[in-house]
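What follows is one structure encoded as structure tokens, with my remarks underneath.
The values are calculated or read from the model by the stated rules, or taken from the named source; none is laboratory data. What you see is a predicted model, and the numbers here were worked out from it, not measured in a lab. Note that each Cβ is placed from the backbone with ideal geometry, even for glycine, and that neighbours are counted across all protein chains shown. What goes into the accessible areas is simple: the full protein's heavy atoms, side chains included, and nothing from ligands, DNA or RNA. Shrake-Rupley method; radii C 1.70, N 1.55, O 1.52, S 1.80 Å.
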Amino acid sequence: SLYKAQLLGYKIYMDDGLGGQMTYRGMVEDTSQRYFTASGLITDRAYRIQVTVVTDTGESLPASPPAGEVRACGFPSKPAAPARGLATRDTVELIWQAPADNGCPLIRYEMYRSADSAATWVQQGGDISYTTLRDTFTGLTPKTVYAWKLRACNARGCTDSEPIFMKAAGQPDQITTLQAEYEASTAGPNSIALSWTAPDMQDGIAIGYKVFRNNGDGGPINTYADPTCGLDNRPAPQYCTITGLQRGKLYTFQISAVNEIGESVRSTEQIFRSAAVPAKITTLSNPSAAWSIGPALRFEWTAPNDRGAYVSNYEAELEQLTLGGAALATPISNSWTTGSTDTFVDLSDIGALPYLSNTEPEQYRFRVRGYNSQGPAAGSDWGWSDWSSTTPSTTGDTPAGWTLDQPSAPTNFGRAVSTLP
């Protein structure tokens, strides 16, 4: 109340920010003004303030104790909206940067979440230490879109970030099933065929896969994905072939999955060779035997394409189909590794294979496959020979043969007697 006196202004008194004596700082002569700017203050000190009223009859007494206290600083600058860190379908890690404190050190953060498009907000997990720049929040409903905002506080007050909207979903799980497919038709001396199982996408929409490799024979994995896989923006199929490699080199690989939320952690490093198992043998033949004493049988083939790794030996399988000339209901079978790179098996000495009969004539069939450092090839086909079988030949079949003795020399050779008509 002015008690009918004329208002002339207001006088401002402040201490030194350390609890000392109150001193005059200035006068507000515009009677419509209700603020005063003090200068020459020391940042982050709390100054006590007194205000008196000046009229044409004199100056009022100051309030006792002082009417208020103010910090010599500003509110924190507006923080940037938090960003998503690691996440799953029901948890999210939020990451942020400290805003400028504008003179008063930050004292805490607060994180708020809204499930109704930023209409109402609920603080999550209580106050967060000012030294913390990331935190994990749980209990989310998968696939729900939430709004989040960060509040930064100092002694002067708090400032909120803009809201950011995030779907409750996570980056894909790490792939643990990467393997080389050395039997694949696309594998070879200058390529490696890869396959894997799709990981849990954590309710994020799948986008694709990235395959990373080094340049062969040691060295770090490249930071960029190999473009020859071609699945960066295709979530299926879960296999591809890496091409443009050097014959027989060892390459180190990793793979990651990508969805709408982000990229998974890369798989553990695995080493694969740019090679494949040998090609399937398709040239198996049953030529005339190299005759010797006793029953004889021989199978030959052409060395297959090694597909990048030297063929070290062959695995053969021989089945006896008859016994005493009669067909067996269950063939007698055995397999063995040749232990050599010879491209023939000469069974002139049948007795060397004790599981076989050394009588003649018996019928056998044969198949073979090559081995290299990548493993065994697919076996050649079973089949029948055109010249020695009692059953018709099928196009594309590989042969079977009979153990036969050398034929006897012909007798009574001479000119035939003929009668002219």
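With the contact rule set at Cα under 8 Å and sequence spacing of 6 or more, what percent relative contact order holds for the chain?
10
Given labels modelled 7 Å from the Cα in the Cβ direction, how far is it in nm from T141 to S195?
4.1
Under unit Cβ charges (Lys, Arg +1; Asp, Glu -1), what dipole magnitude, rounded to 20 debye, does the chain have relative to its Cα centre? Write down the numbers at each step before the final one.
Details: 32 positive and 42 negative charges, 275 e Å.
Charge dipole of the chain: 1320 debye, to the nearest 20.
Taking 8 Å as the Cα distance limit and 6 or more residues as the minimum spacing, I'd like the relative contact order of the range 1-133 as a percentage. Please list the in-between numbers first.
Working: 228 pairs, mean separation 23.4, N = 133.
That works out to 18 percent.
Could you check which residue among R108, R25, R273 shows the biggest mean-square fluctuation in a GNM of the chain with a 10 Å Cα cutoff?
R25
Spin-label point model (7 Å from Cα, Cβ direction): what's the A100 to T31 distance in nm?
The answer from the label model is 4.0 nm.
Largest first, how would T282, T136 line up by accessible area (1.4 Å probe)? Walk me through the numbers on the way to the answer.
Working: T282 110, T136 80 Å².
Output order, biggest surface exposure first: T282, T136.
If you roll a 1.4 Å probe over the range 1-68 with all protein chains in place, what percent of the accessible area is carbon or sulfur? Could the numbers behind the result be given before it?
Numbers: 2380 of 4590 Å².
Summing carbon and sulfur atoms, their accessible area is 52 percent of the total for the range 1-68.
Quick check of the Kirkwood formula: for the range 227-287, what is the inverse mean of 1/r over all pairs of different Cα atoms, in Å? Could the numbers behind the result be given before it?
Values: mean 1/r = 0.0676 Å⁻¹.
So the Kirkwood estimate lands at 14.8 Å.
Going toward the positive end of the dipole of the chain, with +1 on Lys and Arg Cβ and -1 on Asp and Glu Cβ, which of F212, S195, G20 do you reach last?
About the Cα centre, the residue reaching furthest to the positive side is G20.
Counting only heavy atoms of the protein chains, get the accessible area per residue of the range 102-211 (1.4 Å probe) and round it to a whole Å² value.
Numbers: 5050 Å² over 110 residues.
Accessible area per residue: 46 Å².
Determine the gain in length on full extension of the stretch Y224-T282; use 0.36 nm per residue of separation and subtract their C-alpha separation, reporting nm with one decimal.
16.8 nm
What share of Cα pairs, in percent, lie more than 26 angstrom apart in the chain?
Working: 65951 of 88410 pairs.
Across the chain, Cα pairs with separations above 26 Å total 75 percent.
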